[in-house]
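The values are calculated or read from the model by the stated rules, or taken from the named source; none is laboratory data. Everything quoted here is computed from the prediction, not taken from an experiment. Reconstructed Cβ throughout: ideal geometry from the backbone, glycine too, with neighbour counts over all protein chains shown.
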Amino acid sequence: MGKEKAFANHFRVDVEILRILATIGIVWFHAGAPGSGIAYGGLLVFFVISIWFSDFGAGSFSAYALKLANRLIRPWLIWCVIYAAVNILRRRPIVEGGESWIGYLAGPSVHLWYLPFAFFVLVVGYAFWRCFSPLLGFMLAIIFALTILVFVPFWRPESLGLPIPLPQYAHALFGVCLGFAFRFSKGLPPAWVFGAMTALIFASIARLPWSGIGSTYLVAVIASLALVFPLDKIFGSLRNIGLPLLGRHSFGVYFIHPPIIGLLKARFSPDSFLLPLLVYLVALACVHGLWRIFPRFYRFVF
């Protein structure tokens, strides 16, 4: 009951809408539907949301790391076992990109790379939060984000030749910097935040010719502005239509959507917009059914 009250106190309709749209974006990207490069911005938004809501200033480091491991590493290990078993049954390599030991940092399904990387980012974020003042942390995050955009022609081609999940790490660093910029911006004058984000928007626009970079980063910056310029008053009337539950199910949808794509993809043309939406709805229905029928198992695997 206490957890439900805490969740209600921190619940924001606009953030839940952002979380749901980010999940759809990830499904969209993995489905390979038109606009998938833009949709990948959803994953960067997940980093921003995770960093924004992390308890960097609460409790000891050991308690924080343990809580984080239970939230990210435990389900990652569980789903590594599940996907490894599936790969063995299908007589495929246990780890995708198995030619390098680095592939084990992701797991048996490449989309699982996000969890251990997010764990590392948030653990390091705990130290950053305590070492830097809000202004210094904000400035460093913005400078690093702009640096990533400026040097796209140098790092992007090189990163694509690296073994999985290193290209994913490189691509996600902008989202990490963006997340820390927003987190450190709490308490700073809104005009500073708006000015810095405007600079990132124009820098992203300058990189639009780079497929999967300019448009992806642009979407992530614009969407994440909802954190510091809340739209809760506009969307507040949607609070009672099940958004909290849909937001909670996002984690489950993230875990189970790849095999659903595999099952449905052959029935749609490559340029179909319906495939990612149907995959999302099917995955959401499966996760919701698991929550209703086996709530303890739901809490265990998600």
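Quick check: anything in region 123-133 more than 22 Å from Lys67 (Cβ to Cβ) and surrounded by fewer than 16 Cβ atoms within 10 Å (Cβ to Cβ)? Looking for residues that are more than 22 Å from Lys67 (Cβ to Cβ) and surrounded by fewer than 16 Cβ atoms within 10 Å (Cβ to Cβ), one finds at least one in region 123-133, hence yes. Restricting attention to region 27-68, report how many residues are part of a helix (DSSP H, G or I) and in contact with a helix residue (DSSP H, G or I) (Cβ under 7 Å, 6 or more places away or on another chain). Residues flagged as part of a helix (DSSP H, G or I) and in contact with a helix residue (DSSP H, G or I) (Cβ under 7 Å, 6 or more places away or on another chain) within region 27-68 amount to 25.
Tell me, yes or no, whether region 109-127 has at least one residue that is part of a helix (DSSP H, G or I), at negative phi, in contact with a Pro (Cβ under 6 Å, 6 or more places away or on another chain) and of a type in the set (A, V, I, L, M).
The initial filter retains those residues of region 109-127 that are part of a helix (DSSP H, G or I), namely 110-127.
Now narrow it down to the ones that are at negative phi: 110-127.
Applying the additional criterion that residues be in contact with a Pro (Cβ under 6 Å, 6 or more places away or on another chain) yields 111, 113.
Checking the rest, the ones that are also of a type in the set (A, V, I, L, M) come to none.
No, region 109-127 contains no residue that is part of a helix (DSSP H, G or I), at negative phi, in contact with a Pro (Cβ under 6 Å, 6 or more places away or on another chain) and of a type in the set (A, V, I, L, M).
So that you can scan it fast, the table gives a plain yes or no per residue for (1) at negative phi; (2) in contact with a strand residue (DSSP E or B) (Cβ under 7 Å, 6 or more places away or on another chain); (3) assigned to a loop (DSSP other than H, G, I, E, B):
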{"position": "Ile148", "(1), (2), (3)": "yes, no, no"}
{"position": "Pro163", "(1), (2), (3)": "yes, no, yes"}
{"position": "Pro167", "(1), (2), (3)": "yes, no, no"}
{"position": "Ala170", "(1), (2), (3)": "yes, no, no"}
{"position": "Gly175", "(1), (2), (3)": "yes, no, no"}
{"position": "Ala181", "(1), (2), (3)": "yes, no, no"}
{"position": "Gly187", "(1), (2), (3)": "no, no, yes"}
{"position": "Ala196", "(1), (2), (3)": "yes, no, no"}
{"position": "Leu200", "(1), (2), (3)": "yes, no, no"}
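Residues are listed down the side, and each one gets a yes or a no for (1) closer than 26 Å to Thr23 by Cβ; (2) of a type in the set (Phe, Trp, Tyr); (3) at pLDDT below 90:
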| site | (1), (2), (3) |
| --- | --- |
| Ala69 | yes, no, no |
| Leu72 | yes, no, no |
| Trp76 | yes, yes, no |
| Tyr83 | yes, yes, no |
| Arg91 | no, no, yes |
| Gly98 | no, no, yes |
| Pro116 | yes, no, no |
| Val123 | yes, no, no |
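Only one of the numbered conditions (1) loosely packed, with under 14 Cβ neighbours inside 10 Å; (2) modelled with pLDDT of 90 or more; (3) not in a loop (DSSP other than H, G, I, E, B) is violated by Pro209, and that is (3).
Contact map, region 251-271: first residue crowded, with 18+ Cβ neighbours inside 10 Å, second residue in a loop (DSSP other than H, G, I, E, B), Cβ cut-off under 7 Å, separation 6 or more or different chains; pairs are Phe251/Phe302; Gly252/Phe302; Phe255/Phe302; Pro258/Ser109. The single condition among (1) modelled with pLDDT of 95 or more; (2) more than 21 Å from the chain's Cα centre (by Cα) that Tyr217 does not meet is (2).
Any residue at all in region 237-248 that is surrounded by 15 or more Cβ atoms within 10 Å (Cβ to Cβ) and modelled with pLDDT of 90 or more?
Checked region 237-248: no residue is surrounded by 15 or more Cβ atoms within 10 Å (Cβ to Cβ) and modelled with pLDDT of 90 or more.
Against the condition closer than 27 Å to Val282 by Cβ, at pLDDT below 85 and in a loop (DSSP other than H, G, I, E, B), how does Ile17 come out, does it pass? Judged against the criteria, Ile17 is not a match. Pairs linking a residue in region 167-184 that is of a type in the set (S, T, N, Q) to a residue that is crowded, with 19+ Cβ neighbours inside 10 Å, with Cβ atoms under 6 Å and 6 or more positions apart or on different chains, are Gln168/Trp113. With the requirement that a residue be in a helix (DSSP H, G or I) and of a type in the set (A, V, I, L, M, F, W, C), what does region 212-231 give you? Those that are in a helix (DSSP H, G or I) and of a type in the set (A, V, I, L, M, F, W, C): Leu218, Val219, Ala220, Val221, Ile222, Ala223, Leu225, Ala226, Leu227, Val228. If the condition is being surrounded by fewer than 20 Cβ atoms within 10 Å (Cβ to Cβ) and either in contact with a Gly (Cβ under 9 Å, 6 or more places away or on another chain) or in contact (Cβ under 8 Å) with a residue 40 or more places away in the chain (or both), then region 185-202 contributes Lys186, Gly187, Leu188, Trp192, Ala199.
Inspect region 47-55 for any residue being under 19 Å from Trp210 (Cα atoms) and either touching a residue at least 24 places away in the same chain (Cβ under 8 Å) or among the acidic types (Asp, Glu) (or both) and give the result as yes or no. No, region 47-55 has no match at all.
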